[in-house]
1. Of the conditions (1) within 19 Å of the chain's Cα centre (by Cα); (2) touching a residue at least 12 places away in the same chain (Cβ under 8 Å), residue 431 fails just one. Which one is it?
2. Given the structure, is residue 452 more than 16 Å from the ligand (Cβ to nearest atom) and either under 20 Å from residue 239 (Cα atoms) or free of Cβ contacts under 8 Å to residues at least 60 places away in the same chain (or both)?
3. Within the stretch 237-245, is even one residue more than 20 Å from the chain's Cα centre (by Cα) and in a loop (DSSP other than H, G, I, E, B)?
4. When residue 432 is evaluated against the numbered criteria (1) at pLDDT below 95; (2) within 30 Å of residue 68 (Cα to Cα); (3) within 15 Å of the ligand (Cβ to nearest atom), which criterion, by number, is the only one it fails?
5. Need the failing condition index for residue 395 against (1) farther than 21 Å from residue 448 by Cβ; (2) within 15 Å of the ligand (Cβ to nearest atom); (3) at pLDDT 95 or above, just the number.
6. Only one of (1) modelled with pLDDT of 95 or more; (2) surrounded by 21 or more Cβ atoms within 10 Å (Cβ to Cβ) fails for residue 8. Which number is that?
7. Tell me which residues, restricted to the stretch 328-340, are touching a residue at least 40 places away in the same chain (Cβ under 8 Å) and closer than 21 Å to residue 108 by Cβ.
8. Could you grab me the full set of residues in the stretch 206-224 that are farther than 23 Å from residue 369 by Cα and in a helix (DSSP H, G or I)?
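The values are calculated or read from the model by the stated rules, or taken from the named source; none is laboratory data. None of the values given here were measured: they were computed from a predicted structure. Neighbour counts are summed over all protein chains in view; Cβ atoms, including those assigned to glycine, are modelled from backbone coordinates with ideal geometry.
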Ligand SMILES: [Zn+2]
């Protein structure tokens, strides 16, 4: 589950949360990742001149890269697209293979042999399932990390990286099996209307995950009070806090030591209520001008002030109702056609009853894998809808961010454009991605789109005011 951490750049997904959490899809483990896992960790040598990146005056090219970085960004963009696609398809293939080879049924039978308690069988089954799917993903993860390192984005050594992966898997095994067991239990008890019950428990779980996410962040990175080494930046951030009305006191502003692992830039807000905090990477604070950090912070604040998390959850609530309903139908079809062949009746190794036995095939542990498969297919197919909504929220946050720093920095347009150039350079973002790829896979508008908008956005030009602020 990717927590709803809006990284300005690296993968904020208010909306992708639902499907991933709901399915506790095997492709994701609970636990904050340093960055989204499929995305090859973006980025670069962030020399001090990055912020003074060439900002073209041409209307359509507010985001530009020097020739050497441009070539790298294009090549890397291609690799990222391929990794993303292969990763998604491979995830589906692994689930299918677990079913078709009867490995899932075999695993279920094995858990029945080694212990008697149903709940314990379930926990063991799902823990093993998470380990198997994580191992299946490992080669691609290794390749992605290799690419990230070779492009100078990640600077994390292999030992540290493997340790992080291990910790991620550990969290996955700690939280995943009980959650999957709960859903599995719902399917067993309400074989006809289980999707409704699953829907009802999905939303509270999503809210909880956003709330507790910050508690696990220190497992992966070191944090210190931002005021410790950047008191001036804290004072400036407080002016944005005051203008935006966000309730984030200095003791909830942190510096994350990202530089041990990446050259990427980022700042984000995470948590809810008592756990809400702002985090600025140490690759960002002090390395790009404070004004640009303020803009990034303004963007993040926008997600909170404009209630993007509750809105995302509300949209997810409505959307998931239909998605779960449709998936239940699709899963029933799959079970009807393949249930006997895949031994979904929980009778692996003994007499095969199939559906005639009265055991609903989806109620078994192996049958539950069918539901995960179907949900993963739905996630893949519905990604453009999900991403389109996410891009809309991100655009709103960009507008908000630019308005939030109005009056606090000399030129909000220039600051925003410079920030996008710094981010784009740091993560080696392709300045001209394919519109189709952007539509299908981008959770944020492309850097070019964002920079172009920022360069033109000036509602104060003739004495006017912005969308979200009176002045
Ligand atoms: Zn965002």
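1. Looking at each condition in turn, residue 431 falls short on (1).
2. Details: more than 16 Å from the ligand (Cβ to nearest atom): yes; either under 20 Å from residue 239 (Cα atoms) or free of Cβ contacts under 8 Å to residues at least 60 places away in the same chain (or both): no.
Criteria not met by residue 452.
3. Of the residues in the stretch 237-245, the ones more than 20 Å from the chain's Cα centre (by Cα) are 237-245.
Filter again for in a loop (DSSP other than H, G, I, E, B), leaving 245.
Checked against the condition, which is being more than 20 Å from the chain's Cα centre (by Cα) and in a loop (DSSP other than H, G, I, E, B), the stretch 237-245 yields at least one hit.
4. (3)
5. Condition not satisfied by residue 395: (1).
6. (1)
7. Here is the first cut: in the stretch 328-340, the residues touching a residue at least 40 places away in the same chain (Cβ under 8 Å) are 328, 330-331, 334, 338.
328, 331, 334, 338, listed by residue number.
8. Here is the first cut: in the stretch 206-224, the residues farther than 23 Å from residue 369 by Cα are 207-208, 210-224.
207, 208, 210, 211, 212, 213, 214, 215, 216, 217, 218, 219, listed by residue number.
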